[in-house]
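All remarks here apply to the structure that follows.
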Amino acid sequence: MENIIEVKNLAKVFGNQSALEDVNFQVKKGETFGFLGPSGSGKTTTIKILTGQLLQTSGDAEVFGVKNTALNTAAYRKRIGVLSDNSGLYQRLSIEENLKLYCDLYDVPRKRMEEVLDLVNLSGERKKVVSKLSKGMTQRVLLARTLLHEPDLLFLDEPTSALDPANSKQIHDGLRLLNEKGTTIFLTTHDMSEAETLCNRVAFLNKGKIQLLDEPKTLRRQFADGSVRLELKNGQIISLPGGAEGADEVYKYMSNNEIVSIHSNEPTLGDIFVEITGRELV
Amino acid sequence: MTFSWKRIYAIFNKDLKDLSKNLFVSSIIVLPILMAFLYGGMYDMNLELHYMVINLTLASVTAFIQCAVIAEEKEKHTLRGLMLSPASLTEILTGKSLVTLFLTAITLVLCSMIMDYEPASLGMVAIALIISMLFYIGIGTLLGLLSRTVVEASVIILPVIFLFGFGSLLMVLVDKYPALSFIEYLPNIQLVEFAYKVEEGLGFGDLWSHLAILLAWAVVSFIVTAFVYKKRELD
Ligand SMILES: Nc1ncnc2c1ncn2[C@@H]1O[C@H](COP(=O)(O)OP(=O)(O)OP(=O)(O)O)[C@@H](O)[C@H]1O
Ligand SMILES: [Mg+2]
């Protein structure tokens with residue numbers, strides 16, 4: 001598989017504070033790559049380096065096979081879409097007027113506007129002035145704007161952090177559709193379930209380094225300890241370790257017909273993150 | 001380096017529409033127009049008073065609008081979106097400058113009509129005004145890049161308005177203290193002297209030195225702006 005992004009020994013120091021120490025990863029063509037990490041771990045910094053907004057202190061970053069130091073071109077910017085964590089819209093203009101500007105900047109026909117507005121379910125609100133929109137609607141307009149020019153590679157910095165579950169789900173569906181059509185997605189999030197539902201692979205960033213990188217299901221399997229959780233008829237819920245000792249217990253409850261339900265204790269990505277870093281991912 | 005008029009026009013259009021709804025910034029136009037009415041009604045108009053209003057227009061309308069629209073793009077995080085699009089900074093600033101120039105031109109024409117100012121040579125005066133506008137565009141851009149919010153922009157621009165907008169008053173000082181004679185080289189004073197010579201019917205041979213000084217100011221303001229931008233970008 002072709003690598004769309006390649007990052008080697010990437011480091012970034014701000015003043016005397018190191019944000020990235022030694023970051024290494026590749027993003028393959030067509031995948032949705034989750035970039036996870038606690039606040040301040042350097043997710044946004046990494047996106048800025050990959051999109052030509054910031055230069056690294058040392059190390060290499062390549063996108064589409066081009067060094068990031070040579071990325072500041074109109075041609076590159078036509079191939080990427082960036083939804084940053086604090087993008088803004090023109091508050092006094094309508095949704096439509098905001099999008100029209102970007103149609104012209106990217107040189108795409110105005111009818112693309114309809115398509116992206118449909119995708120984020122805002123076709124009916126196109127004439128609304130942006131200052132009158134809810135946070136979730138604003139975020140959806142921003143996403144629509146990011147998709148106008150059908151980028152090959154999408155950088156999404158916490159795309160759903162301001163959204164309610166219904167809106168998040170809708171955006172997830174849209175992103176999955178785009179991904180199926182071949183768009184590569186680089187996504188940062190605090191939301192572990194978002195990462196699980198969307199990402200082919202996830203990377204855990206902490207203390208300036210990638211601590212873990214794999215498919216979510218592989219990670220869950222790797223960190224599963226074989227323990228099970230039982231719900232008993234007397235209402236008790238108990239957790240039993242894997243191995244002979246736990247098996248004996250399960251046998252006992254099962255023979256006495258005391259079990260209502262039995263589930264494997266699979267770790268969530270959040271659990272794995274806490275285990276690896278000793279930090280909560282918030 | 002790309003230069004696309006389509007993108008410049010798109011930004012021009014957007015900014016014009018946005019400014020028409022942004023009264024905090026666009027109402028600055030009222031200031032010189034009010035002054036024009038005031039002077040026009042009160043005094044026997046003379047060239048000095050015409051240029052009080054014209055210089056005020058340049059310092060307030062040109063410099064302030066340019067400064068405020070740039071600061072607002074930063075404050076509302078919209079500049080980043082533009083910078084991540086195929087538009088280059090040159091295209092973005094050109095689009096914005098054209099809006100500022102457009103509004104300045106309208107204000108100047110209105111004020112001149114109100115004050116009944118008809119220069120002996122419209123062409124010469126237009127050249128001097130255009131070069132002056134470039135200088136104020138440069139200053140406005142510089143201060144816009146330095147300020148983070150529109151409110152900051154409207155404070156940081158005040159010295160410019162006082163120095164260049166009401167600067168002819170400074171000439172009184174020059175007569176008193178010869179050490180301050182450099183004030184004569186300020187672009188606003190040069191513009192007045194230039195206008196006097198135009199009214200005297202002098203030709204390009206006598207006028208070019210003023211144009212050269214104005215042009216030098218414009219070039220310096222552009223160079224300083226570019227320098228500050230590069231330095232900021234590296235931080
Ligand atoms: N321009 C800057 N100047 C100085 N320090 C910076 C700058 N940008 C980021 N940092 C620092 O670098 C570190 C990483 O910041 P970054 O914004 O990349 O984190 P993040 O993972 O995106 O966090 P969050 O989840 O809160 O968005 C932080 O400690 C931050 O304070
Ligand atoms: Mg961030």
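Please verify whether A:Thr69 is more than 13 Å from every other protein chain (Cβ to nearest Cβ) and touching a Leu at 6+ places or on another chain (Cβ under 9 Å), treating the condition exactly as stated.
Yes.
Can you work out which of the residues in the range A:1-22 that are part of a strand (DSSP E or B) and within 11 Å of ligand 1 (Cβ to nearest atom) is nearest to the other protein chains (Cβ to nearest Cβ)?
Per the criteria, the residue is A:Phe14.
Could you tell me which of the residues A:Leu54, A:Leu93, A:Leu50, A:Leu10 is touching a Phe, Trp or Tyr at 6+ places or on another chain (Cβ under 8 Å) and either among the aliphatic types (A, V, I, L, M) or closer than 24 Å to A:Val274 by Cβ (or both)?
Of the residues listed, the single one that is touching a Phe, Trp or Tyr at 6+ places or on another chain (Cβ under 8 Å) and either among the aliphatic types (A, V, I, L, M) or closer than 24 Å to A:Val274 by Cβ (or both) is A:Leu50.
Going by the conditions given, is A:Gly174 on the phi > 0 side of the Ramachandran plot and either surrounded by 17 or more Cβ atoms within 10 Å (Cβ to Cβ) or away from ligand 2 (no atom under 16 Å from the Cβ) (or both)?
Against the criterion (on the phi > 0 side of the Ramachandran plot and either surrounded by 17 or more Cβ atoms within 10 Å (Cβ to Cβ) or away from ligand 2 (no atom under 16 Å from the Cβ) (or both)), A:Gly174 does not qualify.
If the requirement is being surrounded by fewer than 21 Cβ atoms within 10 Å (Cβ to Cβ) and small (Gly, Ala, Ser), which of these qualifies: A:Ser84, A:Ser58?
Exactly one residue qualifies, and that residue is A:Ser58.
Could you say which residue among A:Asp248, A:Asp214 is of a type in the set (D, E, K, R) and in the same structural domain as A:Gly42 (by TED's automatic domain parsing)?
A:Asp214
Working only within the range B:74-87, note down all residues that are under 14 Å from A:Tyr76 (Cα atoms) and within 7 Å of chain A (Cβ to nearest Cβ).
B:Leu84, B:Ser85, B:Pro86, B:Ala87
Which residue, of A:Ile171, A:Ile210, is more than 14 Å from chain B (Cβ to nearest Cβ) and either within 16 Å of ligand 1 (Cβ to nearest atom) or touching a Gly at 6+ places or on another chain (Cβ under 6 Å) (or both)?
The unique qualifying residue is A:Ile210.
Would you please name the residue that is surrounded by the fewest Cβ atoms within 10 Å (Cβ to Cβ), looking only at residues in the range B:18-59 that are charged (D, E, K, R) and closer than 23 Å to B:Ile157 by Cα?
Looking at residues that are charged (D, E, K, R) and closer than 23 Å to B:Ile157 by Cα, I get B:Lys21.
How many residues are buried (at least 23 other Cβ atoms within 10 Å of the Cβ), more than 8 Å from ligand 1 (Cβ to nearest atom) and either hydroxyl-bearing (Ser, Thr, Tyr) or not in a strand (DSSP E or B) (or both) when one looks only at the range A:23-43?
So the count comes out to 1.
The values are calculated or read from the model by the stated rules, or taken from the named source; none is laboratory data. Note that this is a predicted model, so its numbers are computed, not measured. Cβ sites come from the backbone with ideal geometry, for glycine too, and all protein chains shown count toward neighbours.
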